[in-house]
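Below you'll find the structure, written out as structure tokens, and then a few comments.
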Amino acid sequence: MTKLSEGLEEYASEYMLSMHGWCTPEKARDLMRTVLEEKPKLVVEIGVFAGKSLFALGAAMEEIKSEGKVYGIEPWNNVACAQGYEKEDPNRMWWEGLNMGQIERAFYAVRTYLNLGERVVVLKTKSSNAVEKFRELHRAGTPIDLLHIDGNHSEEASTSDVDLFMPLVKPGGVVFMDDLNWDSTKRAQEKMLDFCGEPRVEKGEAHCYGVYKKREESEEA
């Protein structure tokens, strides 16, 4: 197992605990180790919230002195975050009542504090709008090396994220997908198997996520 530097371990075990969001220290370490091992040039995260996992990715990219960027896709918009949930769904009511402006301001304050303004770029929009940026990069010869799917968990939105972004991940690229234990992400998980083998599943008291590897072109059916 790749050993984390003192700075990365401090982020996972101490600093991020004071931030909003659900990424656990274990998952942050997993993301950071993946960056150290894979040395990606283009990292994309769908669903940033307050940045716990995005800053883990950005800090690890700094560690390897990569020339690449870490892009986060996050609308910080109540309507977009609640899209796809039924009217009485507790998830919809929670997202509709959240102070998104406060979360966004907290994100930018932490990005400044961690000195990641040059490394971490946010596209403030829905993933369905942001995808064109990565289609352009893909056409120019820069596919996504590492993708973290952790956006809207409704069946509609999570399935759309797989459909839109998986074709843009390089063969052999690594994909994290959050909350495999949610019924609403089951269809998205099924679609992931069109591109990848079975995932490594990590389960804990506060997380359940899968780590997939996109098939090499020679493995495609």
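Just the accessible area per residue of the chain, please: how many Å² with a 1.4 Å probe?
50
Quick check for me: using +1 on Lys/Arg Cβ and -1 on Asp/Glu Cβ, what's the dipole size of the range 1-76 about its Cα centre, in debye to the nearest 20?
Computed about the Cα centre, the dipole is about 180 debye.
Amide H of GLU45: which non-local residues (sequence gap of 5 or more, or other chain) have their own amide H closer than 5 Å, using H built in the peptide plane?
Residues meeting the criterion, in which the H sits 1.01 Å from N, are TYR71, GLY72, ILE73, HIS148.
List the longest stretch of the chain that has no exposed loop site; here a site is one of the trypsin sites (Lys or Arg not before Pro) assigned by DSSP to anything other than H, G, I, E or B, with at most 11 other Cβ within 10 Å.
Between the exposed loop sites, the longest stretch runs 88-221.
Pull up all non-local amide H partners of CYS208: gap of 5 or more, or a different chain, and H-to-H distance under 5 Å with H placed in the peptide plane.
Those lying under 5 Å, H to H, from CYS208 are ASP179, LEU180.
How large a share of the accessible area of the chain, in percent, is made up of carbon and sulfur atoms when the probe is 1.4 Å and the other protein chains stay in place?
Carbon plus sulfur share of accessible area: 47 percent.
Just for the chain, what percent of DSSP beta bridges are antiparallel, to the closest 5?
35
Of all the C-alpha pairs in the chain, what % are more than 25 Å from each other?
The proportion of pairs with Cα distances above 25 Å equals 35 percent.
Return the single residue from VAL174, VAL43, VAL201 with maximal mean-square fluctuation; model: Gaussian network over the chain, springs between Cα atoms under 10 Å.
VAL201
For THR185, what accessible surface area do you get with a 1.4 Å probe? Give it in Å², rounded to 10.
0
What list of ³J(HN,Hα) couplings, whole Hz, do you get for the range 189-206 from phi and the Karplus terms 6.51, -1.76, 1.60, once you set θ to phi - 60° and write x for glycine and proline?
5, 4, 5, 4, 6, 6, 10, 9, x, 4, x, 7, 9, 10, 10, x, 4, 10
Only Lys, Arg, Asp and Glu count, each charged at its Cβ (+1, +1, -1, -1), so figure out the dipole size of the range 66-221 about its Cα centre, rounded to 20 debye.
So the magnitude is around 540 debye.
Can you tell me which of ALA157, ALA140, ALA56 moves the most in a GNM of the chain? Springs connect C-alpha atoms under 10 Å apart.
Ranking ALA157, ALA140, ALA56 by mean-square fluctuation puts ALA140 first.
Averaging sequence separations of C-alpha pairs under 8 Å and six or more residues apart, then dividing by the length of the chain, give the relative contact order as a whole percent.
18
If you place +1 on the Cβ of every Lys and Arg, -1 on the Cβ of every Asp and Glu, and leave all else neutral, what size is the dipole of the range 1-140 about its Cα centre, to the nearest 20 Debye?
420
Would you calculate, for the chain, the mean residue ellipticity at 222 nm contributed by helices, counting each DSSP H stretch of 4 or more residues as -39,500 (n - 2.57) and dividing by all residues, to the nearest 500?
Calculated from helices alone, the mean residue ellipticity at 222 nm is -12000 deg cm²/dmol.
The values are calculated or read from the model by the stated rules, or taken from the named source; none is laboratory data. Note that the coordinates shown come from a computational prediction; the quantities given were computed from them, not determined experimentally. In this analysis, Cβ positions are derived from the backbone assuming ideal geometry, glycine residues included, and neighbour counts consider all displayed protein chains. SASA here: full protein model, heavy atoms, side chains in, ligands and nucleic acids out. Shrake-Rupley method; radii C 1.70, N 1.55, O 1.52, S 1.80 Å.
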